[in-house]
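Okay, structure first, notes after.
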Amino acid sequence: MSFLIDFEPLGRRVACPPGRSLMDCARSQGIGVSSVCGGHGTCNSCKVQVVRGAVSPPTPVELKTFQQHELQAGWRLACQALPESDCKLHVPPESMTAAQRTQVEGLEVAVTPQPAVSAFSVDLAAPSSDDLRADSQRVVDALKEYHGVECRAVDVDVLRTLSDRLRSWDWKAQVFVRERELISVAGRPARLLGLAVDLGSTKIAGYLVDLLTGQTLAARGVTNPQVSYGEDVISRINQTLKSPTDGRRLRELVIEAINQLAAELCRQAAATVEEIADAVIVGNTAMHHLALGLPVGQLAQAPFVPAVSQALDIRARDAGLRLAAGTCVHFLPNIAGFVGADHVAMLLATQAGWATGNVLLLDIGTNTEVSLVRDGEIAAASCASGPAFEGGHIQDGMRAAAGAIERVRLDNGTVQYETIDGAPPVGICGSGILDAIAQMHLAGVLDDTGRMANRHPRVRSRDGRIEFVLVGENERPERRAIVLTQKDVRELQLAKAAIRAGIQMLLEASRLVEKELDRVIIAGAFGSYIDVASAITAGMLPPLLLDRFKQVGNAAGMGARMALVSRAEREKAARIASGVRYVELSGAAGFSRTFTAATYLGRYQLTGGKRKEAG
Ligand code: FES
């Protein structure tokens, strides 16, 4: 016997066996209910309202999360509540994983195409009693005779369909060759296309590229469906270690998402996936390992080593990807620890920006990768910034989706805000949280330690907890206020301190001080939308002149496209990765002192774990 659960406004009805939580039920059908903590009851991101039906009594976690009137109105945590009858649920926008802003655009770098795969047209003679060569031999001979290309192997998937296809195409075909191997055939005309993927922890950006011109034909971003197993990579690794079935499921989810992304990109460009004869995937080390089904236990334990760091070329089909028959996927190299191929791709795309001088490069996310380049020498570190910038562990936090407050200004006791798409406010996303905290600090609501003072008209005390009202109940009838609590401020302080401390440790490892930085390049979706001045005021970034900062959008996606289009760029990426000096922050001398100093708000310089107020 199962209960039927309706998820609204998604319009999905799902059968849920007794003893499974509402979250299990959503996951089983790929319904995107947010689960920042991976279902451990600690993040509040999976709030749903039971509008009809019976569920298990509130757990102690839920009693702490919700006020009595909210419980009476049916508000529950999907990871805690078990259905006891058929139910109808309302999933509010802030609890949905879908429709978040997924950035695909950013820096554009022109690259001369030099693809790893070549395409050739062949016109073959049909077999006869005088010519009994095998069909594949006929193709191989034509390649040599007309194009001077010597093929030494033919992919087995090509052989499985070649005979029928050649006959149906009247012996005219387009053939794709990679390193002297015939990897695919297509009817004419066919294009030579490639797929570049930036596999992020929360977002996946995909690009369909014409490999002969280097032109991007279509680009699209989607939410990484693994987020329903936890926002940060550690939650997903733990899930994989706890349950091999979940590990397999995580892999399947991401591979299917890439397959769907490829199909959608082809639809946009009026192409077919059989025309995709090459692919490049970049991602942080954990994403890379989870997508390939590699062991991840050692990644989560000191000294945090990957199973593999060099570049890999594997058959798309071995990865579960549905592309042209014998297509290979190139995985760019990882650096070390969690600093993976996405950071290598970012370094590749931004090379012109760090070729000279002292340059800091940041890709901010649940895991923030930082590189410091001093006259061409690169040191890199990974900062566990956590999910606060994605709205995780924040009372009214949400991802960057329609209705998220993304800009905040305080003006004489009034709050001015902007939401994504100008939609009515439903929560606050990372850039809004950073703005709000910077503004609250400037207005004296927060002191340097982050303590909230109860003397601003917008500050109030509720159920013994102090909170700042961004949008009051009177401004959104029948819904509760959107607030930032003292705990939210603490969460943000920890997240931004991880980044600032990482920057500082790299500066010290390179014997530099902040003011010697010539440029700061900020990549990634979140980094593109933050207000740099707010990030400085919140003490997340060093207090440099604003013209030294450059926000470049999805640079990792650009790097992946460069490596897709050009073998020379792949080699360059490998050289960059092998030349990076990785700095492990956990356990590094002086890190905890620097981290503590970096939790403070305000504009300050850091040296040797000490703050000095900036002018
Ligand atoms: S509290 Fe339910 S997923 Fe985090």
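Dipole magnitude for the chain: computed about the Cα centre from +1 point charges on Lys and Arg Cβ and -1 point charges on Asp and Glu Cβ, it is near 1100 debye. The label-point distance for Asp448 and Ser168, in a model that sets each label 7 Å from Cα toward Cβ, rounds to 7.4 nm. Going 7 Å from the Cα of Ala110 along its beta-carbon direction, which residues of segment 339-372 have the amide nitrogen within less than 14 Å of the resulting point? Zone members listed by number: none at all. Sorting the segments 116-122, 193-199 by their mean number of nearby beta carbons within 10 angstrom, highest to lowest, gives 193-199, 116-122.
Work out how much length Asp157 to Arg133 would gain on full extension: take 0.36 nm times their residue separation and subtract the Cα-Cα distance, in nm to one decimal. Display every interim value, and only then the final one.
Working: separation 24, 0.36 × 24 = 8.64 nm, distance 1.95 nm.
Taking Asp157 through Arg133 to full extension adds about 6.7 nm, to one decimal.
Each peptide in 471-477, 370-376, 246-252 gets a packing score, the mean of other Cβ atoms within 10 Å over its residues, and the list from highest to lowest is 370-376, 246-252, 471-477. If a spin label sat at a point 7 angstrom from the Cα of Arg479 along the line to its beta carbon, the backbone N atoms of segment 389-432 nearer than 14 Å would be those of 396-399, 401-406, 418-429.
Here the gap between Lys88 and Thr245, fully extended at 0.36 nm per residue and compared with their Cα-Cα distance, gives a gain of 53.7 nm.
Can you compute the label reach from Lys64? Point 7 Å from Cα along the Cβ direction, backbone N cut-off under 19 Å, restricted to segment 464-480. Those under the cut-off are 464-467. With R₀ set to 35 Å, the beta-carbon distance separating Asp421 from Ser121 gives a calculated FRET efficiency near 0.15. Sorting Asp6, Asp164 from the fewest to the most surrounding beta carbons within 10 angstrom yields Asp164, Asp6. Spin-label pair Asn259-Arg52: with each label point 7 Å from Cα along the Cα-Cβ axis, the two points sit 3.5 nm from one another.
For segment 456-478 versus segment 217-283, the spacing of their alpha-carbon centroids is 39 Å. Pairs of Lys residues in the chain are counted when their Cα atoms are under 17 angstrom apart and they lie 8 or more places apart or on different chains; the count is 9.
Please give the peptides 551-560, 343-352, 505-514, 150-159 ranked by average Cβ packing (other Cβ atoms within 10 Å per residue), highest first, as a rough proxy for protection. Could you put the intermediate results ahead of the total?
Details: 551-560: 28.4, 343-352: 26.8, 505-514: 18.3, 150-159: 16.4.
Taking the mean over residues of other Cβ atoms within 10 Å, the ranking is 551-560, 343-352, 505-514, 150-159.
Could you work out the local net charge near Thr366, counting Lys and Arg as +1, Asp and Glu as -1, over the other residues with Cβ closer than 14 Å to its Cβ?
On the way: positive: Lys203, Arg236, Arg399, Lys496; negative: Glu231, Asp232, Asp342, Asp363, Glu369, Glu390, Glu491.
With Lys, Arg at +1 and Asp, Glu at -1, the neighbours total -3.
Ignoring solvent entirely, what values of log10 I(q)/I(0) come out of the Debye formula for the chain at 0.09 Å⁻¹ when each Cα is a single scatterer? Results for the chain at q = 0.09 Å⁻¹ read -0.75.
Bear in mind these aren't lab numbers, they're just calculated from the coordinates by the rules spelled out. Note that the structure is predicted; figures quoted are calculated from it, not measured. Note: ideal-geometry Cβ built from the backbone for every residue, glycine included; neighbour counts use all protein chains shown.
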